[in-house]
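The values are calculated or read from the model by the stated rules, or taken from the named source; none is laboratory data. Computed from a prediction, not measured in an experiment: that's the story for all the values here. Because the Cβ atoms are built from the backbone with ideal geometry, glycine has one as well, and the counts that use them run over all protein chains shown.
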């Protein structure tokens, strides 16, 4: 009996998605269907979803089989669920509130915030997110809770804490009074100095459940330390981080503003560059040559600058916010024109959760077509994640993640700011603009 109990307990820990494997059969009738972003949309179509995956895509409106659920979207435009490659679920996007509550709230409070933010992002149409900086144990727990159906939220690919040099953008002791800095330093394991120490930092994040590794190659706008946005990590440290992460089968996302830091990360073999605010010709050429993805997070510098000017951020952040906001749009437009691969990401948590889709209009303004912006948030984002075989399009065998809108996002991409219906893994979370009961049974 004891062995049976232990076996059941082990399966519970190792198989978090079991609760969502019996979602049954659903027929989705779509007036227009963009099943494969980058190609022309289909007309009247029916998606057949079985056990959380796309089983078939048929022409016309097919009557559901006996016992199946019907979702009538005959007057809607249906497309794959969106993917945001850069969020922070435990941050609300209210920096002044977070600073004021820093001494009265702890990780348990953050976890509740994360539950709320996860649902906001899901209902905004984002069925998969990559969280690039949260408490490692808490984000792992939230990830697994979503997968086993205990919490409504998007699929989460988590990084844990960002690896940083001492005094760098990811050092939590920056700007703190001595007694608080000492308390943070006592628990902090994500800072490193020198290649060997950086290998240790990566391994520890992986040990805590990180599915992707993020490191800071340059300074950052929101860190409470002066010194600009230039390169902070040595080439040897970057190479050690990337090689260690890849050896463990993890992709690497790099926080990088200045061109020198971006170029160092690209040459080290990084998979995605987050921000890229000051790209030059040589760096763009290196990204193209290596096939490195740019995740522009265009909404972030706009939001950070507004918050800094409103006095919601520490004084040390103001000149950095001004510099990043002034350069980022032109930098991204230059990269897009040159043909750098672009994947969708917002840095939501700097901005507010649920407003992620505002990024689309900024991408189009920078030079992407609406079709390519949608592809950046679907197939291309899935490719950057290494999950193109599972996500990003509505093809048989892939996850039954879809959204619906009223209007044509290929003509007006801002339509994606108003999501009518959200289905993730075959489970309906939003229908007719209204939140659905979850769990459903």
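Yes or no, residue by residue, for (1) surrounded by fewer than 18 Cβ atoms within 10 Å (Cβ to Cβ); (2) closer than 30 Å to residue 350 by Cα:
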position	(1), (2)
40	yes, no
48	no, no
55	yes, no
61	yes, no
68	yes, no
80	no, yes
111	no, yes
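State yes or no: is residue 107 loosely packed, with under 14 Cβ neighbours inside 10 Å and in the same structural domain as residue 420 (by TED's automatic domain parsing)?
In short, no.
What do you reckon, is residue 403 outside the structural domain of residue 119 (by TED's automatic domain parsing), in contact with a strand residue (DSSP E or B) (Cβ under 9 Å, 6 or more places away or on another chain) and surrounded by 21 or more Cβ atoms within 10 Å (Cβ to Cβ)?
It is true that residue 403 is outside the structural domain of residue 119 (by TED's automatic domain parsing), in contact with a strand residue (DSSP E or B) (Cβ under 9 Å, 6 or more places away or on another chain) and surrounded by 21 or more Cβ atoms within 10 Å (Cβ to Cβ).
Yes/no matrix, rows are residues, columns are (1) part of a helix (DSSP H, G or I); (2) crowded, with 24+ Cβ neighbours inside 10 Å; (3) in contact with a strand residue (DSSP E or B) (Cβ under 7 Å, 6 or more places away or on another chain):
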residue: 340; (1), (2), (3): no, no, yes
residue: 344; (1), (2), (3): no, yes, yes
residue: 361; (1), (2), (3): yes, no, no
residue: 373; (1), (2), (3): yes, yes, no
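Taking into account only those residues within segment 237-265 that are out of contact with any strand residue (DSSP E or B) (no Cβ under 6 Å at 6 or more places or on another chain) and not in a helix (DSSP H, G or I), which is nearest to residue 383 (Cα to Cα)?
249
A quick yes/no check of all residues on (1) surrounded by 20 or more Cβ atoms within 10 Å (Cβ to Cβ); (2) under 25 Å from residue 156 (Cα atoms); (3) modelled with pLDDT of 65 or more:
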site: 180; (1), (2), (3): no, no, no
site: 189; (1), (2), (3): no, yes, yes
site: 193; (1), (2), (3): no, no, yes
site: 204; (1), (2), (3): no, yes, yes
site: 210; (1), (2), (3): yes, yes, yes
site: 213; (1), (2), (3): yes, yes, yes
site: 219; (1), (2), (3): yes, no, yes
site: 229; (1), (2), (3): yes, no, yes
site: 233; (1), (2), (3): yes, no, yes
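Can you report the number of residues in segment 292-306 which are part of a helix (DSSP H, G or I) and either buried (at least 22 other Cβ atoms within 10 Å of the Cβ) or free of Cβ contacts under 8 Å to residues at least 40 places away in the same chain (or both)?
7
Give the residues of segment 247-267 that are surrounded by fewer than 21 Cβ atoms within 10 Å (Cβ to Cβ), more than 10 Å from residue 202 (Cβ to Cβ) and under 22 Å from the mean Cα position of the chain (by Cα), sorted by residue number.
Passing the criteria: only 249.
Taking the condition without any contact (Cβ under 8 Å) to a residue 24 or more places away in the chain and outside any loop (DSSP other than H, G, I, E, B), does residue 289 pass?
Criteria met by residue 289.
Hey, can you tell me all the residues within segment 335-355 that are closer than 17 Å to residue 130 by Cβ and out of contact with any helix residue (DSSP H, G or I) (no Cβ under 6 Å at 6 or more places or on another chain)?
341, 345, 348, 349
Among the candidates 440, 436, 390, 411, which residue alone is loosely packed, with under 15 Cβ neighbours inside 10 Å and touching a strand residue (DSSP E or B) at 6+ places or on another chain (Cβ under 9 Å)?
Matching residue, one of 440, 436, 390, 411: 440.
Cβ-Cβ under 7 Å, sequence separation 6+ or interchain: first residue in segment 133-148 and touching a residue at least 24 places away in the same chain (Cβ under 8 Å), partner part of a helix (DSSP H, G or I) and surrounded by 24 or more Cβ atoms within 10 Å (Cβ to Cβ). Which pairs?
136/205; 138/114; 142/114; 142/118; 146/118
Looking at (1) modelled with pLDDT under 95; (2) in the same structural domain as residue 46 (by TED's automatic domain parsing), can you tell me which one residue 93 breaks?
With (1) modelled with pLDDT under 95; (2) in the same structural domain as residue 46 (by TED's automatic domain parsing) applied to residue 93, the lone miss is (2).
Is one or more of the residues making up segment 315-323 buried (at least 24 other Cβ atoms within 10 Å of the Cβ), modelled with pLDDT under 85, over 16 Å from residue 348 (Cα atoms) and touching a strand residue (DSSP E or B) at 6+ places or on another chain (Cβ under 9 Å)?
The answer is yes, given that some residue of segment 315-323 is buried (at least 24 other Cβ atoms within 10 Å of the Cβ), modelled with pLDDT under 85, over 16 Å from residue 348 (Cα atoms) and touching a strand residue (DSSP E or B) at 6+ places or on another chain (Cβ under 9 Å).
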